[in-house]
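Student: Got a structure for you, questions after.
Nothing in this text is a laboratory measurement; each read-out follows from the coordinates by a stated rule. Quick caveat, the model's predicted, so the values are computed rather than measured. Cβ: placed from backbone, ideal geometry, glycine included. Neighbour counts: every protein chain shown.
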């Protein structure tokens, strides 16, 4: 058990050092807040969302209109969760 | 199951309508203010969870059946998908109601405005469908978990 702990510790140190080394070159590439790399999509939605969907809330127009398919998957996740809970706990509910 | 005190029951009975109204407001104004179907549905379902905690799962389960909740959730999901199919002539999830003369068809002026409830096209209807779905789904989860973990015969072993 002692040797397994040593191996785990070495692996942890190696993994952590690799992760830190991989992040270090990115440190001076971080852009300031509010300056995204590709602002075209944001600008399009900010300027056109009200005209195209008629909704004041641009987030809702993204969630239900521009990215409606994503919301469909989200709703499916909830449906699956409910189905799983009812499937597993049904026998406790009736017995 | 231990009975909760009269104070808890009374306060949660008073709180429940307000929580429900607030959740329905968040759902209905999803296209105007922050929030929407998921958030408002979670608020309403938390109000129902308040009742479950206060009155016990048995008392709630006498009035609400899980099959009714499943039916409500299926209605919400089917409504959402069929609303997505309304604009299928252009593309899936096309907002075909925006900019027309019908209900929810108004296009607000660009920039900040007071907010018009009858705008947004299909978005308010989708919010309602998703809200129905989330209310029923989360309430079903809470109710089933509460019933399954109650003391009398509920715990396994």
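Student: Given the -39500 (n - 2.57) contribution per DSSP H run of 4+ residues, what per-residue ellipticity at 222 nm results for the protein assembly as shown, rounded to the nearest 500 deg cm²/dmol?
Tutor: -22000 deg cm²/dmol
Student: Please label the shape of the range B:10-135 as rounded, prolate or oblate, based on the square roots a ≥ b ≥ c of the eigenvalues of the alpha-carbon gyration tensor (a/c under 1.5 means rounded; beyond that, a/b larger than b/c means prolate, else oblate).
Tutor: Oblate, because a/c is 1.5 or more while a/b does not exceed b/c.
Student: May I pose another question? I want to make sure I understand the PRE zone here: with the label point 7 angstrom from the Cα of residue B:16 toward its beta carbon, which residues in the range B:26-70 have backbone N atoms less than 15 Å away?
Tutor: The answer is B:44-65.
Student: I'd like the mean, over residues of B:84-90, of how many other protein chain beta carbons sit within 10 Å of each residue's own Cβ.
Tutor: 1
Student: When a footprinting reagent is the concern and you count Cβ atoms within 10 Å, what order do A:29, B:15 take, fewest first?
Tutor: Values: A:29 7, B:15 14.
Lowest count first: A:29, B:15.
Student: Right, next: Quick one: grab the alpha carbon gyration tensor of the protein assembly as shown, order the square roots of its eigenvalues as a ≥ b ≥ c, and give me rounded if a/c is under 1.5, else prolate or oblate depending on whether a/b is larger than b/c.
Tutor: Details: a/c = 2.06, a/b = 1.08, b/c = 1.92.
Verdict is oblate for the protein assembly as shown.
Student: Right, something else. If you fit an axis through the alpha-carbon atoms of helix B:123-148 and take the longest principal axis of the Cα set of chain B, what angle between them do you get, 0 to 90°, nearest 10?
Tutor: Here the helix axis deviates by roughly 10 degrees.
Student: Rounded to the nearest 0.05, what FRET efficiency do residue A:38 and residue A:11 have when you use their Cβ-Cβ distance and R0 = 30 Å?
Tutor: On the way: r = 37 Å, r/R0 = 1.23.
My answer for the efficiency is 0.20.
Student: To continue, here is another question. Hey, in the GNM for chain A with a 10 angstrom Cα cutoff, which one of A:51, A:38, A:28 fluctuates hardest?
Tutor: A:28
Student: Hey, fewest Cβ within 10 Å first, where do B:106, B:65, B:6 land in order?
Tutor: Sorted ascending by nearby Cβ count, the order is B:6, B:65, B:106.
Student: Same structure again: Roughly what would the spin-label model give for residue A:3 and residue A:90, points 7 Å off Cα along C-beta, in nm?
Tutor: Label at residue A:3, label at residue A:90, 5.1 nm between them.
Student: Here's another thing I want to ask about it. Using a Gaussian network model of chain B whose springs link C-alpha atoms within less than 10 Å, name the residue from B:52, B:14, B:130 with the highest mean-square fluctuation.
Tutor: Largest GNM mean-square fluctuation: B:14.
Student: Across the residues of A:76-88, average count of Cβ atoms on other protein chains within 10 Å?
Tutor: If you average over the peptide's residues, the count of other-chain Cβ atoms is 5.
Student: Which of A:75, A:58, A:49 moves most in a GNM of chain A, Cα contacts under 10 Å?
Tutor: Judging by the Gaussian network model, the answer is A:75.
Student: Here is a further query. Can you tell me the orientation of helix B:37-55 relative to chain B, as the angle in degrees between its alpha-carbon axis and the longest Cα principal axis, to the nearest 10?
Tutor: Between the helix axis and the principal axis of chain B, the angle is about 20 degrees.
Student: Let me ask something additional. What's the angle, to the nearest 10 degrees (0 to 90), between helix B:66-86's Cα axis and the longest principal axis of chain B?
Tutor: Its long axis makes an angle of about 10 degrees.
Student: For a quick check: sort A:21, A:1 by the number of other beta carbons within 10 angstrom, fewest at the front. Kindly include the intermediate steps, with their values, before the conclusion.
Tutor: Details: A:21 9, A:1 5.
Placing the least packed residue first, the sequence is A:1, A:21.
Student: Here's another thing I want to ask about it. Based on the alpha-carbon gyration tensor of chain A and its eigenvalue square roots a ≥ b ≥ c, which shape applies: rounded if a/c is under 1.5, prolate if not and a/b is larger than b/c, or oblate? Write down the numbers at each step before the final one.
Tutor: Working: a/c = 5.33, a/b = 1.14, b/c = 4.67.
In terms of gyration-tensor shape, oblate.
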